[in-house]
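J.: One structure, as C-alpha cells, below. Some questions next.
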Amino acid sequence: MKTKIGITEKQLHKSSDVLAIILADEMVLYVKTRKFHWNVSGESFMELHKLFQGQYTELEEAIDAIAERIGKLGEKTIGTMEEYLKYASIKEHPGKYATSKALIEELHTDHQTIIIKLRKDIEHCAEKNKDAGTADFLTGLMEQHETIAWILGRYLN
C-alpha cells in the first residue's frame, strides 16, 4: 500500500534516506556510549557510569522513533551492523580504552557532529522534500543532542 500524505513518493523516499543515515549514526553512537558506560573508570566512575547510562537510554528511544518514522513514510528500515557502519559518519575506535576525560570529549564531538548534520537535514527535508513532519521530528532530535552536548561540555570546562 502506498503512503499518501501530501508529498510525492520520491520526496518520501529521499526523507527516508536521510533518516536511514541518521539512524546509522544514532546506532553507532548508542553502541559507543554503551561501551563507555561499561569501561569508564577513575575518580568520577559512578557519576559518569550513570550519566552514560542515561544517555544511551535516551539514544535507544530516539533510535526506535527514527525507525518508526521511516515506517510511517512507507519505507523499510535498515537494521544490521553492516548497514549502520556503511552509512554512519560517526566512527568507532575498536580496542581503544581512553581516560574518562577523553571519553567525554569523544562523545561531545560526536553529538556536535550529529547536531551539525541534523541542521542540514532539517533544511533539506523541509525545503527540498516538502516534508514538514520529518523536519519537525529532526528538530526535536537535534534539541536532544544539543542538551546532551551541553551536559558533556560542562564536564570539559
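J.: Which shape class applies to the range 4-54: rounded if a/c is under 1.5, otherwise prolate when a/b exceeds b/c and oblate if not, where a ≥ b ≥ c are the square roots of the Cα gyration tensor eigenvalues?
T.: It comes out prolate by the Cα gyration axes.
J.: Got a sec? Charge dipole of the chain, +1 on Cβ for Lys and Arg, -1 for Asp and Glu; which of MET142, ALA132, GLY153 is way out at the positive end?
T.: ALA132
J.: Sequence-distant or interchain residues sharing an amide H contact under 5 Å with LEU73, placed H: which?
T.: none
J.: In addition: Tilt of helix 100-123 relative to the longest C-alpha principal axis of the chain, in degrees (0 to 90, nearest 10)?
T.: For helix 100-123, the angle is close to 10 degrees.
J.: Once the Cα atoms of helix 9-39 and of the chain are each reduced to a long axis, what angle between those two axes, in degrees from 0 to 90 to the nearest 10, is obtained?
T.: Rounded to the nearest ten degrees, it is 10.
J.: Any idea what the dipole of the chain comes to, in debye rounded to 20, about its Cα centre with Lys/Arg Cβ at +1 and Asp/Glu Cβ at -1?
T.: Computed charge dipole of the chain: roughly 320 debye.
J.: Out of these labelled values of P(r) over Cα pairs in 10 Å bins from 0, in percent, (1) 11, 40, 30, 14, 5, 0; (2) 10, 31, 28, 17, 10, 3, 0; (3) 10, 32, 36, 20, 3, 0, which was calculated from the coordinates shown here?
T.: Recomputing P(r) over Cα pairs in 10 Å bins from 0, in percent here gives the entry labelled (1).
Since every read-out is calculated from the coordinates, none of them should be taken as a lab result. Being a predicted model, the structure only gives us computed values, none of them experimental. Cβ coordinates were reconstructed from backbone atoms using ideal geometry, including for glycine residues, and neighbour counts include every protein chain displayed.
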